[in-house]
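J.: Sharing a structure below in structure tokens format, with a few things to ask.
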Amino acid sequence: MTFQYDEELPVVVAILGCYAVFAFSTSIYLLTSNGQPTNYVTSFAYAVFTVSQILSPLLPVALIAGQVQATLRLSERGIFCINPARIAIAGKIRVFCFDKTGTLTTDSLDFLGSRHVLSDDGNGPYLGKLFHPSDGKGAVEPVMMRALASCHAVAKFGSTFVGNQVEVKMFESTGWDLAANSDNSVMVTAPDGSDSLTIVRRFEFDHARQTMSVVVRDRDGNTFVFTKGSFEKIAERTRPYTIPDDYHRTAKGMALEGCYVLAVSMKSLGSTVTDDQISHMKRGA
């Protein structure tokens, strides 16, 4: 890791070196051209002394001594530094940004559950209760179950699911199975075989859009698009009247509690769309 402070130190020394060369030459010139007899050894010694004033041999020692003193002063306050050279850089910091410590304290994730957007007659959409697929059949809405089972980039290696840990845990929570077809498409199947989806096309995660999408087809030939991503970006790309009033408040509240919050949206394309049309689809269309 490099910092501007470290990168500029050689530049400063180089500038001082150039100045020392100029001072050395000037000293020799002035002592030999002042009209008085001067010993060249004396002139040379005087010029070297001038250079030593500009580029002191004790400069590295002075820098190290300052770092040691700073380390001692910090230790008196209960702050211990394992890299004293970074203390000077730390003095330039004005803003500290901290992330959740889940990636530091554990190497795995737990899928908490999902909340489906429901609608009541005359009251508009609202968020349902938090359910986990293991809560029993029907606990999670069928549409949400399909989204959890298909909207990901998980692959199967032997009997192990591999991929992003968030998506792996999400898919494993459904209990569905994943298999590759001969045409390179992927099929996900419910544990009891009552439902299955073929992932016809996948749009990988885009950092700028903060979303990823899949185009799937069920047994009846109906085609759907599922999009998963940050709850802010999903809200921007969803019809406003389908967003519950407490959507943002609930999502931000769960994020403040340490949850990794994602949103999923769905669009039906009907049963007439062909594979050729799907292959020519553009992201965001």
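The values are calculated or read from the model by the stated rules, or taken from the named source; none is laboratory data. Just so we're clear, the structure is a prediction, and the values are computed from it rather than from any experiment. For accessibility, only protein heavy atoms count, side chains too; no ligands or nucleic acids. Shrake-Rupley method; radii C 1.70, N 1.55, O 1.52, S 1.80 Å.
J.: Give me the one-decimal Kirkwood hydrodynamic radius in Å for segment 142-224, with the sum taken over alpha-carbon pairs.
T.: After inverting the mean inverse Cα-Cα distance, the result is 13.0 Å.
J.: So which of Lys129/Lys252; Lys228/Lys282; Lys169/Lys252 end up more than 18 Å apart by C-alpha?
T.: Correct reply: Lys169/Lys252.
J.: Given the rule -39500 (n - 2.57) for each run of at least 4 DSSP H residues, summed and divided by the residues of the chain, what is its mean residue ellipticity at 222 nm, to the nearest 500 deg cm²/dmol?
T.: -11500 deg cm²/dmol
J.: Could you grab the relative contact order for the chain? Cα pairs under 8 Å, six or more apart, rounded to a whole percent.
T.: About 11 percent, as a whole number.
J.: Stick to Cα atoms and the Kirkwood definition of Rh, then tell me Rg/Rh for the chain.
T.: My calculation of the ratio gives 1.32.
J.: Moving to a separate point now. Considering only protein heavy atoms, what per residue accessible area in square angstrom results for the chain with a 1.4 angstrom probe?
T.: Computed with neighbouring chains in place, this is 68 Å² per residue.
J.: Of the heavy-atom accessible surface of segment 135-285 (probe 1.4 angstrom), what whole percent is carbon and sulfur?
T.: So the carbon and sulfur contribution to the accessible surface is 51 percent.
J.: Let me ask you something else. Out of every Cα pair in segment 103-255, what percent are spaced more than 18 Å from each other?
T.: Percent of Cα pairs beyond 18 Å in segment 103-255: 62.
J.: Rg and Dmax in Å for segment 186-228, alpha carbons only: what are they?
T.: 11.9, 38
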